[in-house]
Amino acid sequence: MEPEAALGLVKHGATLLLVDVPQNTLIGIDTKMFSSGPYFKGVKMIPPGVHFIYYSSSNREGNEFSPIVGFFVDASPSEVIVKKWDSKDERFVKLSEEEEERYAQAVKKLEFDRQLGPYALDQYGDWKRLSNFITKSTIESIEPIGGEITIISESEMVENLHKTAMEKVLAEQLQSSKFSKPDKKSPGNDCYYTPIPRVMKLKGAAGQDLTNMNLDKTHILETILTKQYGGSEDSLLGELQFAFVAFLMGQSLEAFLQWKHLVSLLLGCTEAPLHKRTQLFTKFIKAIYYQLKIGFQKDSKDTSRAEKGATTLLDESLLSADNFMRHLCKTRKLRELLEQTLGWNFQLNSAVDGMHLEEDDEFAPVVEILDDPDH
């Protein structure tokens, strides 16, 4: 990059200044995670807008890591976000307004420029596809008190939830010694996700009507959109993306369960996709397509332990035998919507079960849904 262009990005973009970061700390922003070196003090040239910042402290040898802690920010142009490492609690804390302003002025004078790594602009397109519906309002309505998302604060909630066999494996992996230190406690709380009912009950409704209502979740979707999201379809999609990012990057099991509930709700609708909510489902399918596409790109070439852990969790949770998506994606009405509005091609084959996503040309996705011989 030409020096003038780089300087312009430095001045216009936001800056994340991290003070007193211990060496070998895993630091992530959006889709990129790396290990901090001895002179590292943050990230510069961050495009304005929503971002997810996450980190994991390590032991001195750099081979054991604490659970990931993450938080969302909505960065303004030229904003300086300052966090200082608290060695006692092993986490980043907010400074006083006076200290924060002092550091911010030093950043603007480029005093820390050589110690700031550039934002991975080549991956920004992927991040925008994962977060284009997340707004400042989304963050403020869902984030926990204190803003920190971590599985450490989810242990009691997770233990009390009904889980499939695969979700039990996920919980065990996220709480395993590879990622956690048993004596650590979290100052945070659970996220304020929207409750998604599994069944709908309506006073005075006949038995057959109730059955139909719960087989086709369109009525449940309409009720939630009206009562919980004020009729805003984009707000629902923002929560879907918030939960996916918190799971994939932040390794939050609570987030995975919420993402699963939202996907199950949307893929459980048969009337909504082709009638009142066609635009919602067009945007939803694009969003989930990129979630899966980008999620599976986090491969073994990345050497960080936390990255490998998140990849393993995503692969196993989506490809397992009890995976909920393998059955939900067979919805006939949804298939018709995709064929009619997006031109996607569906091929039915026998003896093989699964979902395959690939690109027909440079950009247009093709979904191939294969028959399940047992259903």
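The values are calculated or read from the model by the stated rules, or taken from the named source; none is laboratory data. Worth saying up front: this structure is predicted, and the values here are computed from it rather than measured. Virtual Cβ from ideal backbone geometry, glycine too; neighbours counted across all protein chains shown. Side chains are part of the model used for accessible areas, which takes the heavy atoms of the whole protein and leaves out ligands, DNA and RNA. Shrake-Rupley method; radii C 1.70, N 1.55, O 1.52, S 1.80 Å.
Selection over the stretch 1-23 of residues that are open to solvent by less than 50 Å² (accessible area, probe 1.4 Å) and in contact with a strand residue (DSSP E or B) (Cβ under 6 Å, 6 or more places away or on another chain) gives a count of 9. Of all residues in the stretch 60-72, those that are in contact with a strand residue (DSSP E or B) (Cβ under 8 Å, 6 or more places away or on another chain) and surrounded by fewer than 20 Cβ atoms within 10 Å (Cβ to Cβ) total 2.
Can you work out which of the residues in the stretch 109-152 that are of a type in the set (Val, Ile, Thr) and in a helix (DSSP H, G or I) is nearest to Ala14 (Cα to Cα)? This residue is Ile139. Residue count for the stretch 88-101 satisfying the condition of being in a helix (DSSP H, G or I) and loosely packed, with under 13 Cβ neighbours inside 10 Å: 2. Only residues that are farther than 20 Å from Leu110 by Cβ, in a loop (DSSP other than H, G, I, E, B) and in contact with a Gly (Cβ under 9 Å, 6 or more places away or on another chain) were counted in the stretch 37-53, giving 0.
Just one of the listed residues (Gln123, Gln175) is at pLDDT below 95 and surrounded by fewer than 17 Cβ atoms within 10 Å (Cβ to Cβ), and it is Gln123. Taken over the stretch 62-85, the criterion of being modelled with pLDDT of 85 or more, part of a strand (DSSP E or B) and within 15 Å of Ile152 (Cβ to Cβ) is satisfied by Val69, Gly70, Phe71.
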